[in-house]
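Trainee: My questions will all concern the structure given below.
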Amino acid sequence: MHHLDLILTLTGGLTAALVLGYITNRLGLSPIVGYLLAGICVGPATPGFVANAELAEQMAEVGVILLMFGVGLHFHLADLLAVRKVALPGALGQILISALLGTGLGLIVGWGLVPSIIFGLALSVASTVVLARVLADFRELHTNTGRIAMGWLVVEDLFTVVTLVLLPTVLAAKADLAGVTIAAFLTFGKIGLFVVVVMYGGGVVIPWVFERMAKSGSRELFTLTVLVTALGIAVVSAQLFGVSMALGAFLAGMVVGRSEFSARAASDALPMKDAFAVLFFVSVGMLFDPSQLVEAPGVILGTLAIVLIGKPLAAFVIVMLLRYPPRTALSVAIALAQIGEFSFILGSLARELGVFPEEANQGLIVAAILSITINPLLYGAIPKLERWMHQVPWLSTRLLARLDAAPAVSEDHEKFGTNTPAIIVGYGPIGRMVARILIENGIRPVIIEMNLDTFRRLRNEGMCVVYGDARQVEVLKQAHVESARYLIFSSAESHGVEEIIQQAKTLHPQIITFVRTRFLHNLPELEHFGAARIFVDEAAIGLAMATSILKDLGATGDQLDRERDRVEREFFNIKQSTTTSQVSAETPVVPPHDSPAT
């Protein structure tokens, strides 16, 4: 029966999430709203099918681990250090203000001082899963705003971990200052030891293991290596060091992200992370109890006011005081205007210790569901909110005067700039020739290469190169396909060319694709998928042979041109339409030096 429950829960939850996620997406809302509604539909609060909440929560934990590992892949240590001056004081300041507001609400309701403080602390930490998903949906996860918000949450998560460890000690009957100090010292020591072990010890061992798996040539082994790394370090972090599994997975992702395997790991090894992450939102929706809206409306409204107004307002003021542009302050503030998994964990621990009323716990759950639902809508409304702020006289003159005057924060933190004229897939003989001609004409291409030795050689030579499979979106993104003018397939043996063209045109519809293929019968399919210029090895050999024979027979230049045109027409009589693409048997044509791409 347990196996049947697992299948029913997985199938029912994902099906409801698929249907409602699609509907909310069509309505212009974030799919997260649909996933939460799906949880309510398969939860005990609604009639019909009821999923197993415990199983859904366990599967959701896997999604959280994989999602945080993926976030860590792109969040380099340099990014964290770069935002420490805003993330550290900002997170601690917002935690203090949110905790005071929550404590005040609890005292007004009559819960007592200790439950009120815990309630305030639970409201102070945002959901890492929600934040990462919202930033990714709006393509701001790897912007300056995204780095500040993620660094902010790392500080909040560390603070919450310390709180979870210290809470039982503080609440113990014989707790004294010495006991609390010792517990705090041990906690910080374990966290510090864990970071050292993962970032430095893992920084040596993990890339070595990845290299062995990459050279094995087995894609399955490489995929398993990344999954074992993410799940294994997450489990070790919780079992041995008392650190949250989400934070452990995040640090593991940072280690892999510092290696040359980051793009391939993101594309090859995490195909199920989105599906499992969806289950997190479904499991949250299953906790919804509609009766709380009637029984404790004051608690819910007060909690929502703190989460949706108090927290973001505090964050906005702090970021502005730290002299960041108002646009950044507004985006960070709204991104943090929600609560999630750590709030539940803190509330559950307090309830187990007997110091947290059920009313407060349900208030957290309902407020979390509503704030998670509203948060993507608020983030999408940032442009309208900015326009409104410009229309308020005292804001536009005193506060927003810096908006246009402040220099934009540079986003060129990747390995190479975001202006990518040409991307070459594969670095065989043709790829080398095309790259050389481009470089000689002042165009610096980006190479996507699957051979690890070739990748390292090109990197050592100072070339812009990405290691991974071009069929994966993450690899194309790391090559900055969104800003590229040309996408060049240098090998006639490229697998999945049609899929790559589709992915590239989804990210950048105006990109021009140069495709090499071996056989003429591939032309219709390649043109159907949007290849702009197709080069056929079969036709090139035929034309070369025909030209050589004519020369040997003493043909003149005009005769050679005429016969070359006739032979070419005969080769391509199966595809005469060239309205959207051109077919050629010549060597690839590269952009001229005065091309706009330069």
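Trainee: Among the numbered conditions (1) touching a residue at least 60 places away in the same chain (Cβ under 8 Å); (2) crowded, with 23+ Cβ neighbours inside 10 Å, tell me where Ala435 comes up short.
Mentor: Among (1) touching a residue at least 60 places away in the same chain (Cβ under 8 Å); (2) crowded, with 23+ Cβ neighbours inside 10 Å, Ala435 violates only (1).
Trainee: Next question, about the same structure. All but one of (1) closer than 23 Å to Ala126 by Cα; (2) without any contact (Cβ under 8 Å) to a residue 40 or more places away in the chain hold for Val236; which doesn't?
Mentor: (1)
Trainee: Would you be able to tell me the number of residues in segment 311-345 that are surrounded by fewer than 24 Cβ atoms within 10 Å (Cβ to Cβ) and either outside the structural domain of Leu158 (by TED's automatic domain parsing) or within 19 Å of Gly106 (Cα to Cα) (or both)?
Mentor: Summing the residues that are surrounded by fewer than 24 Cβ atoms within 10 Å (Cβ to Cβ) and either outside the structural domain of Leu158 (by TED's automatic domain parsing) or within 19 Å of Gly106 (Cα to Cα) (or both) in segment 311-345 gives 2.
Trainee: Out of segment 47-62, which residues are among the polar types (S, T, N, Q) and surrounded by fewer than 16 Cβ atoms within 10 Å (Cβ to Cβ)?
Mentor: Taking segment 47-62 first, the residues among the polar types (S, T, N, Q) are 52, 58.
Gln58, the sole residue that qualifies.
Trainee: Whether any residue in segment 90-110 is within 20 Å of the chain's Cα centre (by Cα) and either part of a helix (DSSP H, G or I) or surrounded by fewer than 24 Cβ atoms within 10 Å (Cβ to Cβ) (or both) is what I want to check.
Mentor: Narrowing segment 90-110 to residues within 20 Å of the chain's Cα centre (by Cα): none.
No: segment 90-110 contains no residue that is within 20 Å of the chain's Cα centre (by Cα) and either part of a helix (DSSP H, G or I) or surrounded by fewer than 24 Cβ atoms within 10 Å (Cβ to Cβ) (or both).
Trainee: Continuing with the same structure: Out of everything in segment 348-376 that is in a helix (DSSP H, G or I) and free of Cβ contacts under 8 Å to residues at least 12 places away in the same chain, what residue ends up being farthest from Val109 (Cα to Cα)?
Mentor: Here is the first cut: in segment 348-376, the residues in a helix (DSSP H, G or I) are 348-352, 358-376.
Cutting the leftovers down to free of Cβ contacts under 8 Å to residues at least 12 places away in the same chain gives us 351-352, 358.
On the way: Arg351: 17, Glu352: 21, Glu358: 13 Å.
My answer is Glu352.
Trainee: Related question: Kindly indicate whether any position in segment 2-15 is buried (at least 16 other Cβ atoms within 10 Å of the Cβ) and among the acidic types (Asp, Glu). Give the steps one after another, and end with the answer.
Mentor: Keep residues of segment 2-15 that are buried (at least 16 other Cβ atoms within 10 Å of the Cβ), which gives 8-10, 12-14.
Right, trim to among the acidic types (Asp, Glu) and you get none.
Looking through segment 2-15, none of the residues is buried (at least 16 other Cβ atoms within 10 Å of the Cβ) and among the acidic types (Asp, Glu).
Trainee: Then there's this: How many of the residues making up segment 418-473 are farther than 19 Å from Phe261 by Cα and over 29 Å from the mean Cα position of the chain (by Cα)?
Mentor: Selection size over segment 418-473: 16.
Residue by residue, here is whether (1) part of a helix (DSSP H, G or I); (2) of a type in the set (A, V, I, L, M); (3) at pLDDT 80 or above holds:
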residue: Gly146; (1), (2), (3): yes, no, yes
residue: Gly151; (1), (2), (3): yes, no, yes
residue: Phe159; (1), (2), (3): yes, no, yes
residue: Leu164; (1), (2), (3): yes, yes, no
residue: Pro168; (1), (2), (3): yes, no, no
residue: Lys174; (1), (2), (3): no, no, no
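Trainee: Given Gly253, Gly203, Gly232, which one is closer than 24 Å to Gly63 by Cβ, in the same structural domain as Ile117 (by TED's automatic domain parsing), surrounded by fewer than 18 Cβ atoms within 10 Å (Cβ to Cβ) and not hydrophobic (A, V, I, L, M, F, W, C)?
Mentor: Values: Gly253 fails: surrounded by fewer than 18 Cβ atoms within 10 Å (Cβ to Cβ); Gly203 fails: closer than 24 Å to Gly63 by Cβ.
Matching residue, one of Gly253, Gly203, Gly232: Gly232.
The values are calculated or read from the model by the stated rules, or taken from the named source; none is laboratory data. This structure is a prediction, so every number in the text was calculated from the model and none was measured. Note that we place each Cβ from the backbone using ideal geometry, even for glycine, and neighbour counts take in every protein chain shown.
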